[in-house]
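Structure record follows, encoded as structure tokens.
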């Protein structure tokens, strides 16, 4: 009979998980012993919020991520990061050590306890798809399989709590039951595809708008094939940025209502057939609801809902729809030559750094061996004008929008894909939250490049009519010196020339680099300037 | 009619709250406007976990603390700190901004959302005594009063969520209903006091063991009076450390079973009448259950339960019991001259620093103008041998034991009591979690002294038979240099001489100081050595 924790680690390793992010603690000490004995490498982080973000980023790239924490002081310190993974559909497995089954019976006031021994599991029920304490050797295996199946199938976090006296418990093997998923009805699929083809064939100006599920369900190649067959312009949501290669000649940029590029907006909103694939209608994806999309000309396809115009196809799966559409012989072909590929609204500049010139230089630096991560805040909106090259080489918290995501995610990303250099673009406020995690990059000999937008403020709050509020200003330090203390290299950047120089040195470096880019608090990325304008307009109206 | 948020801030200010800890965000922007206009000063921290710890420490000292955060990315990032406040009975009020009532109706996918708009409130139900969304102007005032009454009466966190369109909503004033508390039955009180007096009068070796509720219910002066009338030895639990002045001649130290000082243990466990006041039977208070207390000779008095021997008095309140006992004319008087006052097991040493010599020098430095805060880990157990002077001049997470508590709590403590200098004793692991918060100390011109035990490991895990595990080792940096980057002063300490010198310079400084004390990973505080011994014994047995 298999032993509980070793069995879990074996199953996870079989799914491609090679690293586990977390921090040990006394209730997780035996669990860490089992982890250290497994084929998965424990990555001890400095702070649980960072462990959550790193494991989330790892999951986004690898298809599954793992965080291993201790009871309450560990697990409850990671709730925000796991909530973000839930909101943005990242398949993250959380394992938490906890008080033993026997000691729970015998003792009431064990340290770390909040209300009851179930407190942490109950909290996790609110931020995960499946939360279970593995206290029964007879049912544990079924619970474990269900958790992993749910994470992989629905792309959401799951939570398993392992009492410390259960870590090496022998468990009964259960028959593996597949998760309850909707199955595609082939007649419904045929009808949906026929209707889609009819709309596409009748349309004069069809457009594809792709979202994050294309990445989560590994449909990137099919989407590119479909786009090339159709010859239509392709844009992405913010959360889905780079699921379609941003260097592709048919790619026109991120669609984001009035916040985004007017060219993209016009093409999307004036299209007579909008094919939305794996994209969610969030406020941040819709330019703070400034989007004008007409359902009557929209084909909306996600794992949760497939709708054409105003009617739904409840019995068709995303993957089956896309596969069938892609292989159809009746796809129309438009001439792609009229498409103007993505054009970031940024320009080179000499003299003092601006967000625009920072983004310009960043775009010059990005290549097929980089993965770009942004944090929340101005840098998130700024992503509108970042142009990556390859597909799936960009990560950001474009819906949950938690500050602090950037630095730990760069670490998770670089472990998940060691062939790509991670570049994190983070605000100074966010850096103060989780920048200390670069200690871990140093220890692991990872060399991410962290660009800190040093403007001494929460710029994205400042721009919402709060230029004069004290509470949007934050302390400033020399982040370049900070890098050196942590064992990396640091650069103070005040001009584009210095930035190019720093990028060059960072590229050659084996240690992490911090680029401390001095930006005026009054400067904003082009997209954030649109947000500020929209905000002011809303206030007036 | 009062406006919702201004009304809350007014009520809180009337209760002595002068500072609010948190970070603004877009859903909390209007709430921060109202805060900035109120008499309460917003203290913008670097990270929400720190805001929670700072507000918790403030609450412990002031009797009420306040954290103001934004939705999900703020509130869910503070769950651990609030859980700690719950576990250790700290009256902390959490206010969170959130999506407006109207926009919740109109829109589904607003950024920061997890499962439903209720996710955060549901999570807070698990870690607070009262959690409510103030979305109704008719009932809001009653909800607000109930929350504040619960926090103040039961010494636990409460949570109020304020949709952003409700911040300035005019609300109806409600009649103030007192919270449901048990009332003292005077006959029951008379009987309980008579029984207690009989036990005390018959006893040859009565002892007082005091706990944290003495502080929470502001009974410190009465307890000293009672102790002096009785002339008996007094000890404290770890969580209750310093509620009784540690410089008092009757004070013998912390009782902690086999972990604590043998003198204290013998006196307590051989006593024929143990008067436990406001003390909880947690594992950490009971020397990891190595305590041997005899219920037949125990009088156990807390706000939750009063028991004499094996029977209970459900209708007697803690405060009434202590007040009545204190003013009784029939208290026996023992001769206190035989009591050996607290004697830390530490000694001065030259040469390389050890935990023992660090604690010795710290004890020399502490005076009536300091408040000492420890973090979790070895430094928490170490507190056994720290001797403060005044009452209520020590804070620690002795039950919930979350790492990262130390630095932010020092900031909260110094704002709560500006006449006392905060000294934080933190491990290097904990410092890496929340040490960045010293940026806030710098901005506020606070000058706490932070002692970092720099031993490149999680020493308290190492000592649990994991000396050779990789995952208990952490990165080391020069914390003295780190201090300078953040704008404070730093000292590398390798000898007692350097430590005394640094203490001297830190005392004179207007900025914060970091004392980077280099300790061998194999060294432990005297109390942790006992824990390690107990742990090894348990493993064998």
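Pop a pseudo-label 7 angstrom from the Cα along the beta-carbon direction at both residue B:312 and residue A:118 and give the gap in nm to one decimal.
A separation of 2.1 nm, rounded to one decimal place.
Of the peptides B:409-419, A:75-85, how do they stack up when ordered by the mean number of other Cβ atoms within 10 Å, highest first? Before the final figure, lay out the partial values.
Details: B:409-419: 24.6, A:75-85: 31.6.
Per-residue mean Cβ counts within 10 Å order the peptides as A:75-85, B:409-419.
So how much slack lies between residue A:37 and residue A:323, counting 0.36 nm per residue of separation and subtracting their Cα-Cα distance, in nm?
Here the answer is 98.9 nm.
Only bridges whose two residues both fall in the protein assembly as shown count here: according to DSSP, what percent of them are antiparallel, nearest 5?
Values: 16 of 134 bridges.
About 10 percent, rounded to the nearest 5.
Count, for each residue of B:69-77, the Cβ atoms from other chains sitting within 10 Å of its Cβ, then give me the mean as a whole number.
Average per residue, whole number: 6.
How many times 2.2 N^0.38 Å is the alpha carbon radius of gyration of segment B:355-540?
Numbers: Rg = 15.5 Å, N = 186, 2.2 N^0.38 = 16.0 Å.
Relative to the rule-of-thumb radius for its length, segment B:355-540 sits at 0.97.
When only C-alpha pairs under 8 Å and at least 6 residues apart count, what is the relative contact order of chain A, in percent? All intermediate terms of the calculation are to be shown ahead of the outcome.
Values: 1241 pairs, mean separation 68.8, N = 541.
Rounded, it is 13 percent for chain A.
To make sure I understand, if each residue's beta carbon is the centre and we count other beta carbons within 10 Å, what order do A:396, B:326, B:50, A:273 fall in, fewest to most? Mind showing how you got there, number by number?
Details: A:396 26, B:326 18, B:50 31, A:273 21.
Lowest to highest Cβ neighbour count: B:326, A:273, A:396, B:50.
As a test, work out the antiparallel percent of DSSP beta bridges whose residues both lie in chain B, rounded to the nearest 5. List each step's numbers first, then the result.
Working: 8 of 67 bridges.
Once the DSSP bridges in chain B are tallied, antiparallel ones form about 10 percent.
Would you calculate, for chain B, the mean residue ellipticity at 222 nm contributed by helices, counting each DSSP H stretch of 4 or more residues as -39,500 (n - 2.57) and dividing by all residues, to the nearest 500?
Value at 222 nm, helices only, nearest 500: -10500 deg cm²/dmol.
Residue by residue through B:25-36, how many Cβ atoms from other chains fall within 10 Å of the Cβ on average? Provide the component values of the computation, followed by the final result.
Working: counts 7, 7, 0, 2, 8, 0, 0, 6, 4, 0, 1, 4.
Per residue, the average neighbour count from other chains is 3.
Using the basic label-point model (7 angstrom from Cα toward the beta carbon), what is the residue B:470 to residue B:443 distance in nanometres?
3.9 nm
Quick one: Cα centre-to-centre distance for segment B:69-99 and segment A:146-220, in angstrom?
34 Å
If we count other beta carbons within 10 Å of each Cβ, what is the order of B:522, A:33, fewest first? Mind showing how you got there, number by number?
Numbers: B:522 11, A:33 18.
Taking fewest neighbouring Cβ atoms as first place, the list is B:522, A:33.
Can you give me the relative contact order of segment A:4-163 as a percent, contacts being Cα pairs under 8 Å and 6 or more apart? Intermediate values should be presented prior to the final figure.
Details: 318 pairs, mean separation 38.1, N = 160.
This gives 24 percent for segment A:4-163.
For residue B:327, go 7 angstrom from Cα along the Cα-to-Cβ vector, then report the distances to that same point in the other copies in nm, smallest first.
Result, one decimal in nm: 8.9.
Quick check on segment A:355-540: of the DSSP beta bridges with both residues there, what percent are antiparallel, nearest 5%? Numbers along the way, then the final one.
Values: 1 of 24 bridges.
Here the antiparallel bridges make up roughly 5 percent for segment A:355-540.
Over the alpha carbons of the protein assembly as shown, what is the largest minus smallest coordinate on each principal axis, giving the biggest first in Å?
The Cα atoms of the protein assembly as shown stretch 102, 68, 57 Å along their principal axes.
By counting other Cβ atoms within 10 Å of each Cβ, how are A:451, A:485, A:171 ranked from fewest to most?
Values: A:451 31, A:485 20, A:171 23.
Going from sparsest to densest Cβ surroundings: A:485, A:171, A:451.
Over all residues in A:123-136, what is the mean tally of Cβ atoms on other chains that come within 10 Å of each residue's Cβ? Before the final figure, lay out the partial values.
Working: counts 9, 2, 4, 13, 9, 2, 1, 0, 0, 0, 0, 0, 0, 0.
What the average comes to for A:123-136 is 3.
So for the pair residue B:109, residue B:347, with labels modelled 7 Å out along Cα→Cβ, what separation do we get in nm?
6.9 nm
Since every read-out is calculated from the coordinates, none of them should be taken as a lab result. Fair warning: this is a prediction, and the values are worked out from it, not measured in the lab. Quick reminder, even Gly has a Cβ in these numbers, built from the backbone with ideal geometry, and neighbours come from all protein chains shown.
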